[in-house]
Amino acid sequence: MRVEPGEIEAALLSEPEVRAAAVVADGDRLIGYVVTTETVDGAAIGTEARTDRKTHPNPNPNPAPGTRPGTDATPEQNTQTGTRPTIDWRARLRATLPDHMIPSAWVTLEELPLTPNGKLDRKALPAPEPAGADGFRVPPRDPVEGRVAAIWEELFDVPMVGVFDDFFDLGGHSLLALRLAVRIRQEFGRELPVAAVLASPTVAGLADVLRRPEDLGEQRVVTLNAEGDRTPIVLVHALGGQVFRYHPMARRLGPDQPVYAIAASGLMPGEDPHTTMADMVEDYVDRLRAVRPGGPYVLGGFCIGGNIAMEMARRLRALGEDVPLLVLFYSDADEPVITSSLEDDASLMTHALAGGPLETSGAEFAGLGPEEMLVAVIAAAGREQRLAPDTADVEQARRFLRVFRANAHAVGRYRHEPYDGDVALFAPAGDRPDLGWNGVVKGNLAIEAIPGERVVILFEPLVAEAAAKLRSWIDHGVTGH
């Protein structure tokens, strides 16, 4: 994903406590350096100092990058020893930046180190304190936690993690979760569903999962948040079958909002993917009712997840359950899946493994068998830096492709009967703002425009607004035709 350190620095400089900031990449992680209105020893900069900066608005006419104009940073200042921040900058930045642009390590400085010509001296920036240096992390308590913690330390490139550290707060994301699953397989000889990281995002939680003798592949209704007494929200997987995309939404909906996600069958060895909408709906409804035996339920999903959720809602209502709201994130009633990917195997592979057509000519894949084509598409997507993270290894790519193909064919040509419940739709403005749902929904249909590309509504910063809108719809209902 694209990362612009300058954009992160600008977001930090918009915070009232920040006088200067720098962001640097260190391997796979970002480190944020901040100079605040308090010195390292905690003594606040006084009113007189701030007033003096207003009186002399530009004591340094050529401030270093990451420094507010008008602050008094000078090239002669020495590097200060960094300390842990007293402000949760990750929480602050989540309001304005996507998760992958939020640094996972932070250092507070008295001043940014500068070169003699007034530029940021990146070589003089101190390394962050090691994880666990604050003394509050709980060390592993048995061999299983010890082996899981060692894998985490390798992935995050830190000397220590505590058993209750959160995977996402350490900077984890879907790609790292897939790498974690591969390392768990190598270390324990066990297949760990990637969804387990969402449900148990700590060393202690994953160790508990690995101690269980039962089949890990059965964990397909993933609990993103079990707390709260509000009507639970159930979000259904999209074409790829994973549910990682719903993590930011679950966090933004608040600690009082129960959130569950349903992953596809077939992602684990030995599982077969569902091949019809009817099979999906029957299985998912049974699994949901086993976790939450009675309604009401709010259902939703991104892309085909919304189409599946509508049929689940129809089935639940036939069983006498209350489904007050269905939420669709860029789901299309007329063309749930791009038609070309249903008719051409190379097109389906490129959509699955690269997110869409590649610059590579389609002639390169002509005449190839399924295995040869898989390798060729992976190679082409890799060259164009568009390879899906679900392809952590070739075997995983095969399973992912099987699930994608089965989901596409099960839902791609499905046509919905009229639905008389209330529906809320997030859709891009354009020639088809309703994405064909006006002809299906006979209850109230509310349409909320998505700015930019379709997927951004589920990620920061737009997911915060979407979550607030969703809570409002649950509390007050939707209005429409």
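The values are calculated or read from the model by the stated rules, or taken from the named source; none is laboratory data. Quantities reported herein were computed from a predicted structural model and do not represent experimental measurements. Cβ atoms come from the backbone with ideal geometry, glycine included; neighbour counts cover every protein chain shown. Surface accessibility is based on the protein's heavy atoms, side chains included, excluding ligands, DNA and RNA. Shrake-Rupley method; radii C 1.70, N 1.55, O 1.52, S 1.80 Å.
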Exercise for the section: In whole Hz, with x marking every Gly and Pro, tabulate ³J(HN,Hα) for segment 312-320 from phi via Karplus 6.51 cos²θ - 1.76 cosθ + 1.60, θ = phi - 60°. Expected result: 5, 4, 4, 5, 4, 5, 5, 8, x
Problem - Accessible area of segment 221-379 belonging to carbon and sulfur atoms, whole % at 1.4 Å probe - result: 51
Fill in the blank from the handout: Residue by residue through segment 245-252, the couplings from Karplus 6.51 cos²θ - 1.76 cosθ + 1.60 with θ = phi - 60°, in Hz, x for Gly and Pro, are 4, 8, 4, x, 5, 4, 5, 6
Exercise for the section: Return the long-range amide H neighbours of L224 (sequence gap of 5 or more, or a different chain), with a cut-off of under 5 Å between placed amide H atoms. Expected result: V259, Y260, A261
Practice task
Quick one: which residues, 5+ away or cross-chain, put their amide H under 5 Å from the amide H of W106? H built at 1.01 Å from N.
Solution key: G32
Practice task
With N denoting the number of residues in segment 185-325, provide Rg(C-alpha) divided by 2.2 N^0.38 Å, to two decimal places.
Solution key: 1.03
Exercise for the section: Counting only C-alpha contacts under 8 Å and six or more residues apart, can you give the relative contact order of segment 248-331 as a whole percent? Expected result: 25
Problem - log₁₀ of I(q)/I(0) at q = 0.10, 0.12, 0.13 Å⁻¹ - segment 253-345, Debye sum with one point per alpha carbon - result: -0.30, -0.43, -0.50
Completion exercise
The extension gain from D286 to D121, computed as 0.36 nm times the residue separation minus the Cα-Cα distance, is 53.5 nm
Practice task
Mind jotting down the distance between the C-alpha centroids of segment 239-259 and segment 271-290, whole Å?
Solution key: 20
Completion exercise
A correct Karplus calculation of ³J(HN,Hα) over segment 164-180, with 6.51 cos²θ - 1.76 cosθ + 1.60, θ = phi - 60°, whole Hz and x for Gly and Pro, returns 10, 5, 8, 3, 7, 5, 7, x, x, 8, 4, 5, 5, 5, 5, 5, 4
Completion exercise
With the charge dipole of segment 250-342 built from beta-carbon charges (+1 for Lys and Arg, -1 for Asp and Glu) about the Cα centre, the Cα from M312, Y284, G294 projecting farthest to the positive end belongs to G294
Handout entry: Computed P(r) (all Cα pairs; segment 148-197; 10 Å bins; percent)
Key = 26, 61, 13
Handout entry: Mean Cβ count within 10 Å, highest first, over the residues of peptides 165-175, 428-438, 344-354
Key = 344-354, 165-175, 428-438
Practice task
Would you kindly calculate the translational diffusion coefficient of segment 283-425, applying Stokes-Einstein with the Kirkwood radius from alpha carbon pairs, for 20 °C and a viscosity of 1.002 mPa s, and quote it in µm² s⁻¹ without decimals?
Solution key: 127
Problem - Estimated dipole of segment 195-285 in Debye, rounded to 20 [Cβ of Lys and Arg +1, of Asp and Glu -1, Cα centre] - result: 500
Practice task
Skip the ligands, DNA and RNA, and give the accessible area per residue of segment 230-323 with a 1.4 Å probe, whole Å².
Solution key: 30
